[in-house]
Amino acid sequence: MGWLPTSPKARRRLWVVAAVAPVLALAVGLSLWAMRGSVTYFFSPSEVTEAAAPAGRNIRLGGLVVAGSVHKSADGVVAFVVTDNAAETRVVYRGDLPDLFREGQGIVAEGAFDESRTFRARQVLAKHDETYMPREVADRLKAQGEWRPEAGA
């Protein structure tokens, strides 16, 4: 008992801390475990491997829309290709695209890959002014040496 404090008040505090710490650790662990399914990761087209983004897992895919790749069908389905200038990924989206969506601009699409490795977007976010590019997209382009400052700050 040489390592225990000699004061009864200090011993009581030590026992309270020793009892509360595992309960708090368990609560934090259970909270993190419960939230693991709601986390949405960001990927660029060159990072979306089968292992990193398996079919059915919700992710955000960002990059530049390839010029000439946007195809709209009569039933409201829009297909286009997103690139980070290292790889390309085909994206299919059903619905109305944002007004500022255009070829050559940065976008972030939220959705999941299907078994054929086509990205099925549930939501497409486009830039909101002439100098904006999603931060994640700009960071990935800078890391790959493909950053064009005139395209976005």
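General remarks:
- In the chain, a dipole from Cβ-located charges (positive for Lys and Arg, negative for Asp and Glu) runs towards its positive end, and of Leu30, Tyr41, Val91 it is Leu30 whose Cα lies farthest in that direction.
- Share of carbon and sulfur in the accessible heavy-atom surface of region 1-138 [1.4 Å probe, %]: 59 percent
- In order along region 41-48, the phi-based Karplus estimate (6.51 cos²θ - 1.76 cosθ + 1.60, θ = phi - 60°) of 3J(HN,Hα) comes to 8, 9, 9, 9, x, 6, 9, 8 Hz; Gly and Pro are listed as x.
- Asp84 contributes an accessible area of around 0 Å² to the protein surface, as traced by a 1.4 Å probe with all chains present.
- Charge dipole (debye, nearest 20) of region 41-147; +1 at Cβ of Lys and Arg, -1 at Cβ of Asp and Glu: 160 debye
- Inter-label distance, Ala67 to Glu115: 3.8 nm, where each label sits 7 Å from its Cα along the C-beta direction.
- For the pair Ser31 and Ala79, the difference between a 0.36 nm per residue extended length and the Cα-Cα distance amounts to 13.5 nm.
- Extension gain for Val20-Glu50 works out to 6.6 nm (0.36 nm per residue, less the C-alpha to C-alpha distance).
- For region 1-18 and region 91-123, distance of Cα centres in Å: 60 Å
- Antiparallel beta bridges, as assigned by DSSP with both residues in the chain, represent about 80 percent of the total such bridges.
- Mean separation of Cα pairs under 8 Å and 6 or more residues apart, divided by the residue count, gives the chain a relative contact order of 18 percent.
- On a per residue basis, region 28-82 carries 55 Å² of accessible surface, using protein heavy atoms and a 1.4 Å probe.
- Tilt relative to the chain, helix 8-35 - C-alpha long axis, 0 to 90 degrees, to 10: 20 degrees
The values are calculated or read from the model by the stated rules, or taken from the named source; none is laboratory data. Note that the structure is predicted; figures quoted are calculated from it, not measured. Cβ atoms come from the backbone with ideal geometry, glycine included; neighbour counts cover every protein chain shown. Accessible surface is based on the protein model in full, side chains and every heavy atom, while ligands, DNA and RNA are left aside. Shrake-Rupley method; radii C 1.70, N 1.55, O 1.52, S 1.80 Å.
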